[in-house]
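The structure appears below as structure tokens.
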Amino acid sequence: KARGDAEIMADAFDWDNADELLDVGSGPATYPIALCRRFSNLRATIFDLPATIALTECYVREAGLTSRIRLISGDYRVNEIPGSYDVVFLSNIIHGESFEVNQRLMVNLSCVLKPGGSVIVKDHILDSARINPPVGALFSLLMLLTTQAGRCYAFEEVEAWMSAAGLAHIRQIDLPAPLNSSLVIATKEEHATNSC
């Protein structure tokens with residue numbers, strides 16, 4: 001399923017000026033592999049837990065992209081993410097974390113984002129009443145029952161994290177059926193200076 005998502009996401013965002021992608025919590029590298037294959041100028045960095053990175057390496061090697069996809073092991077909850085990027089991508093990360101962890105993460109991601117760069121969050125994004133879309137609301141209930149702090153978040157909550165992290169031009173793009181998730185995209189102003 002993620003392969004289809006990757007193609008749709010590639011069409012939903014303008015990648016022409018993106019040379020460096022950071023994918024946090026990438027798992028099997030589905031998105032970086034698909035995007036690097038489609039956009040010859042793109043190089044990717046994957047930041048994930050050490051045990052996961054060991055598996056990710058196999059997928060990247062099989063794809064023949066070891067020269068364009070860099071792997072860094074770490075825990076985004078506690079470790080600093082090195083580098084500087086044009087695009088930072090989070091797929092299905094925020095629903096597993098508390099409001100506070102997501103808020104801190106967004107600040108950290110803004111710090112490694114180049115001026116003019118974008119953060120893309122892909123997840124179930126709820127309306128302000130947190131009951132639509134129904135799939136997201138049901139998934140949120142599952143997260144509340146099976147995790148310590150996870151749930152799905154409303155656009156206004158994601159927007160608040162991004163604004164507090166100094167990001168602007170925040171917008172939501174609902175992915176077409178049969179996909180049931182959305183993208184929330186924000187941009188770091190060209191004149192922004194890091195206070196990290």
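The values are calculated or read from the model by the stated rules, or taken from the named source; none is laboratory data. Because the structure is predicted, anything quoted here is derived from the model rather than measured. Positions of Cβ are backbone-derived with ideal geometry, glycine not excepted, and every protein chain shown enters the neighbour counts. The accessibility values were calculated without ligands, DNA or RNA, using every heavy atom of the protein model including side chains. Shrake-Rupley method; radii C 1.70, N 1.55, O 1.52, S 1.80 Å.
Say whether the condition of being in a helix (DSSP H, G or I), closer than 28 Å to residue 103 by Cα and modelled with pLDDT under 95 is met by at least one residue in the stretch 64-81. Within the stretch 64-81 (the criterion being in a helix (DSSP H, G or I), closer than 28 Å to residue 103 by Cα and modelled with pLDDT under 95), the answer is no, since none of the residues qualifies. Going through (1) part of a helix (DSSP H, G or I); (2) modelled with pLDDT of 95 or more one by one, residue 120 falls short only on (1). If the condition is being open to solvent by 20 Å² or more (accessible area, probe 1.4 Å) and not in a loop (DSSP other than H, G, I, E, B), then the stretch 92-105 contributes 95, 96, 99, 100, 101, 103, 104. Going by the structure shown, is residue 172 in a strand (DSSP E or B), touching a helix residue (DSSP H, G or I) at 6+ places or on another chain (Cβ under 7 Å) and either more than 16 Å from residue 22 (Cβ to Cβ) or at pLDDT 90 or above (or both)? Yes: the conditions hold for residue 172. Scan the stretch 1-51 for residues that are assigned to a loop (DSSP other than H, G, I, E, B), touching a residue at least 60 places away in the same chain (Cβ under 8 Å) and open to solvent by 10 Å² or more (accessible area, probe 1.4 Å) and the total you get is 5.
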